[in-house]
Amino acid sequence: MPISGLRVRFTDDGDAMDRGIAALEGDRRIDIGARRDDKLAIVLETQDADEDKAAWKWINALPEVRHVDVVFISLDQDDQTPSAAIGAEGVKP
Amino acid sequence: MTMPATDRRQFLKSAAMAAAAGAVLGETETSIALPVLGSEDSGIKWDKAPCRFCGTGCHVQVGVEDGRVVAIAGDQHADVNKGLLCVKGYHVGMILYGEDRLTKPLLRRGDGFVEISWDEAIDIAARRIMQSPDKFAIYGSGQWTIPEGYVAQKLMKGGLSNNHIDPNARLCMASAVTGFLATYGVDEPAGCYDDLDACDVVITWGNNPAEMHPVLFSRVMDRQSSGEKVMLIDISTRRTRTSEVADEYLEMLPHGDVAIALGIMHLLVERDQYDHEFVSRFCNFRAHESGKPTLKGEAISFEEYKSRLAMYTPDYVEQLSGVPAEKIRMLADLFADPDVKITSLWCMGMNQHTMGTAINTLVHGVHLLSGKFGVPGNSPTSLTGQPSACGTAREVGTLSHLLPGGRLVANDKHRADAERLWNLPEGRINPKIGFHTLKMFEEFTKEGGGVSTMWVQVTNPGQTLPNLNKLFEPKSELDDRFLIVSEVYPTATTQLADLVLPAAMWVEKNGIFGNSERRTQQWFRMVEPPGDARDDCWMTIAVAHRLMELGHPGMKDKDGVFIFHMEDENGNEVPIWEWEHYYDINVDRHLFDDYRRFSRMKHKDLAPYDEYVKTRGMRWPVVQQPDGSWRETRFRFSAFDDPYVKEGQPFEFYHSTSGDGRAQIWVHDYKSPPEMPDEDYPFWLNTGRVLEHWHTGTMTRRIPQLTRAMPSAYVELNPEDARELNVRDGEVVRVESRRGSTDLPVWTRGRGYPPRGQIFVPFFDETMLVNHVTLDEHDPFSKQPDFKKCAARVRKISA
Amino acid sequence: MSDENDISRRGFLRGDFLKPPEKSTSEDAMPPGHDPARPIMRYARSIDDVDRATGSTQQQRTKGRRHIPVFRPPGAVDEPTFLAECTRCDECVRACPHDAIIHAPSRLREIEGTPIIDPDRQPCLLCDDLPCVSACEPDVLSRAVPVMMGTAQIRSQTCLAWNSSTCTVCSEQCPVEGAIVIEEGKPRVVEETCTGCGVCRYVCPAPENAILLMPTFSRPSKGPAS
């Protein structure tokens, strides 16, 4: 189950950001996070890589969206290890 | 504390959000890759089961992999919950996996226990019973499956000619039963949960479904949030989570419900706004006139009824109940409005009540008088607290005065009927009513009492009986008493046990429950019980077989055949008393199909076992159609849905106590509670449940998430009372009554908000037993004790 | 932050350290006909499973990572100062009456041994007198720095109260008055008041934990001496 942290930049077209957020909020796979200026943090959770790609395309294609940056991604069966937000993980001393 | 594997994804999301937020806020940049579990969901096998907890009867889908329950989902195909679950429901699978499951039979040796074999355990139990079969009692449960209750019932009444069998439902639903019997002549609600989808007004009478029946409550809340107008009126002694979302919160004094119901009736009659058509065609009036009061009462005229109500003016009702007169008028106006559909809900608030039968009949009466009955949305609906209080306690009749299918021990014809169905010699069933719960424990815990051996199954009286210092604790002083306890975990009850039998639970065995709305629900065993734990049903059958070997004549029917004789498809006897053979056949199926023969007399018709396998439960009467299919009944006594209503009339109460097809509208006078606050004990003490824990917490307190969410009991105190007592939140205080005390931390900003002079303590916490404080006064008909009110005081412990 | 540092998604997916999952979730992952919008409670199979899930024994990857946000004890100064001046003396760890402060494990490399809080294990209960701060001799836990370990966010998708059920646990157990408010039965975090102590996340009983907890990304330096 891919989970990605994305930074969405909106166009400067009036209330583009509000409309964009409304569109994103309607999707259960998306969590809305912090916003500043024209940027918004979101988390996207999907069932598989194809769906992930499709969702990313959909977000990119929203008229209010200027650009989407990937700042975090987690896919499957990798030997990489968690290295952020330590506090949220069950650290074993 | 371990983290569930599922929280892994949550962690990943937190990390992803942290990284994304960092990028947005321009404070850092992070790019990380994290692994997730790939194959966690493969190979899971799913099957249906009703939830193990409350009486709502939600269905869950149980996911099993490698012999272990690994996932729970709300069952999308279940009418009751349509895929939704409450917080307990999602965690129900973990009840099987507490670290201290009982896995071996244990025999008391001094202060401790020694492990013994099952053969020894069954032999010891049987020999104890053989010593004096008439001094043996079974204390059972509304959590018994239907077959478990049925075998215990048959062992006692049909085998040992002993009626000392009673369930914990006596503490829970008995007043609802007497209320239904006195009103309709037959137990259980006429309506069902569908009423909640159709009503305009919901009235909760001393009921907090937001916490206790959350999935049912959500049916109403969901209608509200989708824009439908549903008015919620909460009548309660303290503010609860239900009150917080109610349109009207009517705070009443304890016992105020009786006055409020009388006040509504008074106005309907006085203003001539009752439903003349419904009342004149389908109702009679009843009261206790003279002599020994009975559930039939005496007929009174409408004029007498009216004159008895005359004193319950809105002003007088305000005086008795504390609810403003104008609100009594508001309630009466709603009942008087023919265009408003009203569903009343109640549970322990009206049942654990020294006027429990009275208030149950009065609320039915308000609905009958106003004609708010028998149409979807118009219904007086009593909810149950246990998953099979209806199915096992009430329908199988595992109470000291009942036989299966609504038959009475004291009725010659009913006994003869049961003897015929069970193929027993004439006169086998004892005509004398057995001990009800409180009496049973009194007899067990007093010198020379009438019970010397007691077998407790699927319940925890050491925590739930009222006034434990009188009714339970003295057992430890009496060497000649023998307590057998079938349990899954160590409890307050096993602490005093002499023999502990480790039981299989929930989906470790086959089972059938019956929920609040007459819905019978079947499930199959999905995983093996741990260690040597075995089915309760098997234990009862094995003890019965051992009794037969020891020569007890009652263990054979009139043809000399074992009373739990079962055959396979080829007609060969299966030795189900041997555990190795217990699952050679489906014992539940045999027992249920035997039991269902009892269900038709009172028109509680059950379908064959195999029909329930196919469904998420069906509501009785389930009647076979010309095409061979089986049809459930949602609305009893209403011609449009109930096939037993005589043709040509819209309603028929076909078990009427007056024999004329009519229901009874009762009038009872308001009486004060038996113990009220005074100078020495100035607080009203109320007890009950909380959302996260179910009953005595033996299951839910072993689930880490639920324990974290609600770690311990507390005493809920009004902030001003706390200030006056000079106690702070979290400070441990002593709560005491004339009967005992317990120490609890104070919580003033908790779940409920009691008015001044009232305290509330939940009973789930075995380390803080509030039932050392409660009162064992009970309703005269139902014998159900009142856990909701007694006089207590709160004392600061530190100087 | 400039765009040239952003990593495009395409590039990410092509990266040799990441492979798409070999198979998508199997059909057995949910009961037949289950509404994917409804949560499924999945339990740990065994202790091993939990270890596997938390990846606690695996090696970390350092490439591309520049900064690790962690939950520091209350009053922690900005991260560079903290790392430079914390003596790893253990006094705060010992002072914590709830054992909430632990040593960062070795897989966190350069911050190994420094004091962190893991709210899933034991959240900070925000003692009135903050003994950890009192115990800190180098003053990298400082009374001059407001308590701001992070922020909680309620995920309405998984929160029971936001999904037709009743639950008010996070607000009841939150040690900071007014940080989680209940509106029409549903909780909301007041971000300005929330300290990120993590109690809400620790107690959340939802089938999928409904609290996203984010560590503070940049904490203030001590500022002018008070």
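Some values worked out for this structure:
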| read-out | value |
| --- | --- |
| Only one of B:W506, B:W523, B:W538 that is assigned by TED's automatic domain parsing to the domain that holds B:F113 and on the phi > 0 side of the Ramachandran plot | B:W506 |
| Flag for B:G83 being under 19 Å from B:S516 (Cα atoms), at pLDDT 60 or above and facing another protein chain (nearest Cβ under 7 Å) | yes |
| Among (1) acidic (D, E); (2) free of Cβ contacts under 8 Å to residues at least 40 places away in the same chain; (3) in contact with a Lys or Arg (Cβ under 7 Å, 6 or more places away or on another chain) - the single one B:D123 does not satisfy | (2) |
| Tally, over segment C:197-209, of residues that are within 15 Å of the chain's Cα centre (by Cα), modelled with pLDDT of 90 or more, within 11 Å of chain B (Cβ to nearest Cβ) and in a loop (DSSP other than H, G, I, E, B) | 2 |
| Close pairs from segment B:599-623: first among the β-branched types (V, I, T), partner modelled with pLDDT of 95 or more and assigned to a helix (DSSP H, G or I), Cβ under 8 Å, at least 6 apart | B:V622/B:E611 |
| Flag for C:D28 being surrounded by fewer than 16 Cβ atoms within 10 Å (Cβ to Cβ), outside any loop (DSSP other than H, G, I, E, B) and modelled with pLDDT under 80 | no |
| Hits in segment C:137-188 (condition: of a type in the set (V, I, T), buried (at least 18 other Cβ atoms within 10 Å of the Cβ) and either within 11 Å of chain B (Cβ to nearest Cβ) or under 18 Å from B:G750 (Cβ atoms) (or both)) | C:T151, C:T158, C:T166, C:T168, C:V169, C:I180 |
| Residue among C:L213, C:L126 that is within 11 Å of chain B (Cβ to nearest Cβ) and aliphatic (A, V, I, L, M) | C:L213 |
| Residue within segment C:47-63 that is more than 7 Å from every other protein chain (Cβ to nearest Cβ), part of a loop (DSSP other than H, G, I, E, B), on the phi < 0 side of the Ramachandran plot and modelled with pLDDT of 90 or more present | no |
| Search result, residues across segment B:654-674 that are over 24 Å from B:D257 (Cβ atoms) and in contact (Cβ under 8 Å) with a residue 24 or more places away in the chain | B:Y654, B:H655, B:S656, B:S658, B:D660, B:G661, B:R662 |
| Residue in segment B:287-297 that is farther than 17 Å from B:K372 by Cα and either among the hydrophobic types (A, V, I, L, M, F, W, C) or modelled with pLDDT of 95 or more (or both) present | yes |
| Flag if B:P147 is closer than 18 Å to B:I433 by Cβ and touching a Leu at 6+ places or on another chain (Cβ under 6 Å) | no |
| Residues of segment B:228-244 satisfying the condition of being more than 21 Å from B:H353 (Cα to Cα) and within 22 Å of the chain's Cα centre (by Cα) | B:R241 |
| Criterion (at pLDDT 95 or above, surrounded by 20 or more Cβ atoms within 10 Å (Cβ to Cβ) and either over 30 Å from C:S164 (Cα atoms) or within 11 Å of another protein chain (Cβ to nearest Cβ) (or both)) met by exactly one of B:P50, B:P4, B:P105, B:P35 | B:P105 |
| Selected residue (criterion: nearest to C:L212 (Cα to Cα)) from residues of segment C:103-132 that are among the aliphatic types (A, V, I, L, M) and surrounded by 18 or more Cβ atoms within 10 Å (Cβ to Cβ) | C:I117 |
| So B:G462, is it under 24 Å from the mean Cα position of the chain (by Cα), without any contact (Cβ under 8 Å) to a residue 60 or more places away in the chain and farther than 22 Å from B:M555 by Cα | yes |
| Selection count where residues are at the interface with chain C (Cβ under 7 Å from one of its Cβ atoms) and either over 16 Å from B:A16 (Cβ atoms) or at pLDDT below 75 (or both), scope segment A:50-93 | 20 |
| Strands (runs of 3 or more DSSP E) contained in segment B:135-213 and holding at least 3 residues touching a residue at least 60 places away in the same chain (Cβ under 8 Å), under 30 Å from B:V587 (Cα atoms) and in contact with a helix residue (DSSP H, G or I) (Cβ under 6 Å, 6 or more places away or on another chain) | B:136-140, B:165-167 |
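This table checks each residue for (1) among the basic types (K, R); (2) part of a loop (DSSP other than H, G, I, E, B); (3) within 16 Å of the chain's Cα centre (by Cα); (4) farther than 30 Å from A:E25 by Cα.
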position: C:P119; (1), (2), (3), (4): no, yes, yes, no
position: C:S134; (1), (2), (3), (4): no, no, no, yes
position: C:W162; (1), (2), (3), (4): no, yes, no, no
position: C:V176; (1), (2), (3), (4): no, yes, no, no
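The values are calculated or read from the model by the stated rules, or taken from the named source; none is laboratory data. Quantities reported herein were computed from a predicted structural model and do not represent experimental measurements. Cβ atoms come from the backbone with ideal geometry, glycine included; neighbour counts cover every protein chain shown.
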